[in-house]
1. Which ³J(HN,Hα) values in Hz, rounded to whole numbers, follow from the phi angles of the stretch B:15-22 under the Karplus curve 6.51 cos²θ - 1.76 cosθ + 1.60, where θ = phi - 60° and Gly and Pro get x?
2. What is the sum of charges around B:E91, taking Lys and Arg as +1, Asp and Glu as -1, for the other residues whose C-beta is under 15 Å from the C-beta of B:E91?
3. Identify all lysines with a Cα-Cα distance to B:K99 below 21 Å; exclude those on the same chain that are fewer than 8 residues away in sequence.
4. What net charge is computed for the residues neighbouring A:Q88, neighbours being all others with C-beta under 11 Å from the C-beta of A:Q88, Lys and Arg scored +1, Asp and Glu -1?
5. Quick one: what are the phi-derived ³J(HN,Hα) couplings along the stretch B:109-120, Karplus 6.51/-1.76/1.60 with θ = phi - 60°, whole Hz, x for glycine and proline?
6. State the extension gain, in nm to one decimal, for the chain segment bounded by B:V95 and B:A60, taking 0.36 nm per residue of separation less the distance between their alpha-carbons.
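Computed from the coordinates by the stated procedures, all read-outs in this text should not be read as laboratory data. Treat the numbers as computed from the prediction; the structure is a model and nothing was measured. Positions of Cβ are backbone-derived with ideal geometry, glycine not excepted, and every protein chain shown enters the neighbour counts.
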Amino acid sequence: MNDGAADLLDDELAKARSGVRTALAVLVQAHRRAVYSLALRMLGSRDLAEDLTQDVFMQLNGNLRTIESNKHLGFWLRRVTTNRAIDQLRRRARVQMTSLEDDQPFFSAEDDSDPLLQRHLRDLLSELTPAARAVLLLRYQEDLDPTDIAQTLDMPINTVKSHLKRSLETMREKSLGMQATRCEDSST
Amino acid sequence: MSQDIESRLRAALRPVAPSEDFSQKLLARVLADQPTQPKPRRLLSAGARPWAWWLTASLAACLIAAVGVRQHLEQQRLQQSGLEARREVVEALRVTSQKLNLAYEAVKNQSTSLADEKSGV
């Protein structure tokens, strides 16, 4: 987000705090994509993601006075979304990833990656623990650095780094395995 | 593959937009919801306003002291009036005693003079 857009959203936030409802609508429009994507990739279900997105924005409505800037708003939304998603996942005894809705754009359609690889990465992401999944999403979807991730998840920075390292190693190994299997299949 | 897992993840994890239908419902729901008003803080919420707690405690202490002083003064007043009444009773007894002494002296003198007259005759 460039400085002009950030300033504009800071103004809209000030208006929303003073009760201007259209300004709140602008803020929801600006942040809904990030909140929904985090919720979707954390929970793996479009319905659950929509419910969580709605809950987060309703919670924001009651907490607007505590938000100081658009940057703070982004931090707050990411924090609430990931924490609530982690809570939901932990409440479930076992995450049934087979219930994922394959017809949903769980990964972006804008990239030109191999669709099989996308599906494989999706499966690998969903196998991670809720905390590790949140760390990976904040790093590679939200493009936060480990310090910001640690603040967002209220987690020691060394834990964040260790989650990143372990998750990437696992994904790298399993992706190599998948690539090798595909090479064997294509040669036969 | 191994070296660009991070870039592949970045590409794969680009944010996705929610459906337009959901976005409209979300906006309608959020805009229809009135923000919850913050609850007024209680006067005695010790953490939030320590000065209010001290002010209330000081007022209570002043009130207790005022009641104590008033009770002490009332006690003194009652004691004073009791002493006054005692003094009045003692004075009354003293006057009565004097009167009785005078009457006794008079009766005694009269009986002495009657006896003298009888012996003189």
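1. With coefficients 6.51, -1.76 and 1.60, one gets x, 10, 7, x, 5, 4, 4, 5 Hz.
2. Net local charge, B:E91 excluded: +2.
3. Straight-distance partners of B:K99: B:K108.
4. +1
5. Couplings: 4, 5, 5, 5, 5, 5, 5, 5, 5, 5, 6, x Hz.
6. Between B:V95 and B:A60, full extension yields an extra 7.3 nm.
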